[in-house]
Structures are given as C-alpha cells and as structure tokens.
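Remarks on the structure that follows.
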Amino acid sequence: MRLGEGCLESLPTSISTSTGADAIRLIDVLWLEQGGDRVAAAFEVEHSTSIYSGIVRMLDLALSGSDLHATAGLFLVAPDARESEVRAQIARPAFNRIADLEIAYLPYGELERHKEAISRFGSGLKAIKAISRALP
C-alpha cells in the first residue's frame, strides 16, 4: 500500500486546538487510538535532523496539559549510528525528568531486521516496544 494510505487528512480538533498544537503537528507520526482522538504513540524520525528538536516535540505532546499524551509510548527513531547522540541528548540536565515519559530509542536496524514479522503478526505496538531500547 502507498505511504499515507489509511491516514487521516487532518488532526482531530482536540489535538489541533490543544496547548502545544503547533509543535505536536510537527511530530512525524502520531498513532491515534482506534475510534478516538487520543494519541496512542508518537514517533519522531531523526535521520539527519537535530535529536534535540525531536525530544522537545515529544515533551510538548506529553506536557500539553491535556489527556492527549501518548498512552503507549514515545519513540525516537534514528539510524543505529546515532544511538550515542540520542543518549547524550537525553542525558542533558534540561531533560532530567524525561524518564517519567518512557521515551524509547527505535533504531533503523531493528526495524529493518523485524519488519516482515511486524507486518505479518503485528497490529498494535507490542512488537515495536519489544525492539525499542529504553531511554535513558
């Protein structure tokens, strides 16, 4: 199927009008709960862009002051070679409370190795959580 097939054309009103909506709108992938307007998970893909900005967007979502925050997880998706950079950013004093948010690192290599099993057997986030790495 084509990328974007089955996706919403616009965010639900509860998300698009929430505190921090301008930053939340910039998150690469928002996985919404089925039939609802709550965020089940969020994925910020940091291929060559700043890890810092991805973390800040996740924080904006998590701390938006509403019940929209990701209920199943926040994921920083990046190349395997950037893991140390992800961990260095998470370790910054500015992000000292990030552990409460359960942000995880999802390396490209793990997605590549497990993509067929995920597409064949997965319908939820269980497989994604199993291959992600806890931060910090």
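The stretch 89-136: percent of C-alpha pairs farther apart than 13 Å? When every Cα pair of the stretch 89-136 is considered, 60 percent fall beyond 13 Å.
The slack in the chain from ASN96 to ALA40, taken as 0.36 nm per residue of separation less the alpha-carbon distance, amounts to 17.8 nm.
Taking the chain as a Gaussian network of alpha-carbon nodes connected by springs under 10 Å, the highest mean-square fluctuation of the residues VAL39, VAL56, VAL86 belongs to VAL56. The value given for the stretch 71-115 is a Kirkwood hydrodynamic radius of 11.4 Å, derived from the mean inverse Cα-Cα separation.
Pick from GLY54, GLY124, GLY73 the residue whose mean-square fluctuation is largest in a GNM of the chain, springs joining Cα atoms under 10 Å. Among GLY54, GLY124, GLY73, the largest mean-square fluctuation in the Gaussian network model of the chain belongs to GLY124.
Within the chain, the longest run free of exposed loop sites, counting trypsin sites (Lys or Arg not before Pro) that sit outside DSSP helix and strand states (H, G, I, E, B) and have at most 11 other Cβ atoms within 10 Å, spans 3-96.
Each other residue within a Cβ distance under 10 Å of ASP28 adds +1 if Lys or Arg and -1 if Asp or Glu, for a net charge of -1. When only Cα pairs below 8 angstrom with a gap of at least 6 residues are kept, the chain shows a relative contact order of 19 percent. Under Stokes-Einstein, with the Kirkwood radius over Cα pairs standing in for Rh, what whole-number D in µm²/s applies to the chain at 37 °C and 0.692 mPa s? The Stokes-Einstein estimate is 213 µm²/s. Placing unit charges on the Cβ atoms of the charged side chains and taking the dipole of the chain about its Cα centre, the candidate lying farthest along the positive direction among GLY124, THR13, SER53 is GLY124.
Values in this text are rule-based calculations from the coordinates and carry no lab data. All values reported here derive from a predicted model rather than from experimental measurement. Note that we place each Cβ from the backbone using ideal geometry, even for glycine, and neighbour counts take in every protein chain shown.
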